[in-house]
Amino acid sequence: MKTADFDFDLPEELIALNPPEERTAARLLQVGEGILDRRVAELPEILRDGDLLVLNDTKVIPAALEGEREPREGGTPVQVEANLIEHLEPVEGCAHWKSFARPGKRLKVGDRINFRGLMATVSARDGIETDLVFDVAEETFDAALDAAGMPPLPPYIARKRAVREDDRERYQTIFAREAGSVAAPTAGLHFTDELFAQLEAKGVGRTAVTLHVGAGTFLPVSAEDLSEHKMHSEFGVVSEEAVAAIAETRAKGGRVIAVGTTSLRLLESAWDGERVAPFRGHTDIFLKPGDAFPASDLLLTNFHLPKSTLFMLVCGYAGTETMKAAYAHAVREGYRFFSYGDACLLERNAG
């Protein structure tokens, strides 16, 4: 398969730069035997008694930093933007992170950067990546980052507008628990307490897994042939409790609904050939057409980038021609794409 096989035309005006006024106000494209235009608020009507939602309870850290490189001898300060992308082993007890920093060419090892009072030293530079050691102990870093950082909005939003205070709430699911992601599991952004109450009244259960979303989710596929693409690695946990909930749902004839591609990738990583088993570790699974998807029955997800690994995943899940037709319909009908956009509910392609 070629990367070009997963291209499609997407008008720029359909890229959602802001969240909807209400989380459940997003549109929902239901894709199965046909294509139906629905609303996220209609999920209690669509799902069945005995179904189970599998949610990713990861919490997005305020990984976007703005600051100033201290002047070198005889020089002037330089404005710096950094997005933390990977937690590294502490250096002498101090927090240590890999980042994408701009302008990277203006930074070198030993430079000091003041991120709104949070001080850091450049410890390494490699291409577009810059390692930073912060003047803060590992155990107190989260509080320091909360004060200095902002939500790490996706590049296609950050290039168009500034990060706002309301993004702290809206670029976070209401069920986020485990801090560690540098991007949101965006299918979960549509849920509210009221919607959960309605689903519970319908008999729809829920359980949680944890996959810490990395910045690699936004990286383009550069290889022409998919067999040459190297997938990014992310850390995840599937607990005994989640395994039991999934097994009980299946035993009673209910359906397992993966909420987001992050939940789906983790469930498939935990599949032992017969069932979803407990899992703790890193996964770099690359799901695409031709792969089996035994761990779930439905997938709730947002609309994804052309030629992205996530569009390849949904093509594998529901069928390439089905998804191309669904996305063409979504474009014609003016659905909103990407992280703050609308959603679709996909039935697994049994073929």
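The values are calculated or read from the model by the stated rules, or taken from the named source; none is laboratory data. Since the structure is predicted, the reported quantities are computational estimates derived from the model, not experimental observations. Cβ atoms come from the backbone with ideal geometry, glycine included; neighbour counts cover every protein chain shown.
Observations
- Sole exception among (1) in a helix (DSSP H, G or I); (2) surrounded by fewer than 23 Cβ atoms within 10 Å (Cβ to Cβ) for M323, by number: (2)
- For L287: the one exception among (1) surrounded by fewer than 20 Cβ atoms within 10 Å (Cβ to Cβ); (2) within 17 Å of the chain's Cα centre (by Cα): (1)
- Of all residues in the stretch 287-320, those satisfying the criterion of being closer than 27 Å to R275 by Cβ and assigned to a strand (DSSP E or B) are L298, L299, L300, T301.
- Listed by position, the helices (runs of 4 or more DSSP H) enclosed by the stretch 146-265 that each have at least 2 residues that are assigned by TED's automatic domain parsing to the domain that holds L47, surrounded by 14 or more Cβ atoms within 10 Å (Cβ to Cβ) and touching a helix residue (DSSP H, G or I) at 6+ places or on another chain (Cβ under 8 Å) are 193-202.
- Any hit, the stretch 268-276, residues being over 26 Å from D49 (Cβ atoms), of a type in the set (K, R) and touching a residue at least 24 places away in the same chain (Cβ under 8 Å): no
Yes or no, residue by residue, for (1) surrounded by fewer than 18 Cβ atoms within 10 Å (Cβ to Cβ); (2) touching a residue at least 60 places away in the same chain (Cβ under 8 Å):
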| residue | (1), (2) |
| --- | --- |
| F6 | no, yes |
| L10 | yes, yes |
| P19 | no, yes |
| R27 | no, yes |
| D49 | yes, yes |
| L53 | no, yes |
| N56 | no, yes |
| A64 | no, yes |
| T76 | yes, no |
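- Output for the stretch 94-144, where each listed residue is free of Cβ contacts under 8 Å to residues at least 24 places away in the same chain and part of a helix (DSSP H, G or I): K105, E139, T140, A143
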